[in-house]
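Accompanying notes for the structure given below.
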Amino acid sequence: GPDQIIACPNCQALAKYMTLRSGNTFGARLWTDGKRAAPMLPLPPEVVKCQHCGECYWLEAAAKVGRLGVTSLAVCVYGDRAIDPAWAAAQTVQQPAEEEYYHAIDQGLAADTRQERTLRILAWWRRNDAYRYANKKKSEAEHSVTLSTLCRANLEALGPLLNEADDDGCLMKAEVLRELGEFESARQVLSLIVSAKYTEYARQIGVLCDAGDIRVRMLEISA
């Protein structure tokens, strides 16, 4: 779809992100930390860093200025009007780095517990991005991942925010515990999962616990 032009809530600088006319989850990959990557369903980040003022903000909090369409002549238009050159020059939104998520949390970007949980999950996913495509057949030394102090603190704060009353929360909490190296606690949380939708994923995470593996891994999705 056309690019959505937005304004940073802090400095009003313009940015853009791609919208979708359609999409699907064919070829999607799912990891143990709950992140899914679907090549046919690319979504903009929930939180972005302004490339002008450097502040992070929720994408949904940004004012929508307009949309950029592209004609067959590659001329930017909006309806039948020529577009402001500033729209065409707007940079694509970028998600924050891991450390920038931590800074945003410390600066109070989360307005409530739900937003804090989301920010901590996004920071966790950002940290794990470097390891997502690691070869599972490499040496066992690969399993010895050292968590930074900030990463460990983030996971320790995230755990209590995850609801054990539902299977989705249990699965994610068990994964947090596994990546912290608390394998027995992770197994106990996995034992609470009863839904057939999650039992196979729980089994795979349990196998990683048995192996003493704390690295994020790709889940095998049954057809």
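Candidates in the stretch 68-102 are the residues that are modelled with pLDDT of 90 or more and in a strand (DSSP E or B); of these, the one that is farthest from ILE5 (Cα to Cα) is GLN94.
Residues in the stretch 1-56 that are touching a Phe, Trp or Tyr at 6+ places or on another chain (Cβ under 8 Å), open to solvent by 40 Å² or more (accessible area, probe 1.4 Å), part of a loop (DSSP other than H, G, I, E, B) and among the hydrophobic types (A, V, I, L, M, F, W, C): MET40 only.
If you go through the stretch 199-223 and keep only what is open to solvent by 40 Å² or more (accessible area, probe 1.4 Å) and in a helix (DSSP H, G or I), you end up with THR199, GLU200, TYR201, ARG203, VAL207, ASP210.
The values are calculated or read from the model by the stated rules, or taken from the named source; none is laboratory data. These numbers come from a predicted model, not from an experiment. Using ideal geometry, Cβ is built from the backbone for each residue, glycine included, and neighbour counts are taken over all protein chains shown. Remember, those area values only see protein heavy atoms, side chains included, never the ligands or the DNA or RNA. Shrake-Rupley method; radii C 1.70, N 1.55, O 1.52, S 1.80 Å.
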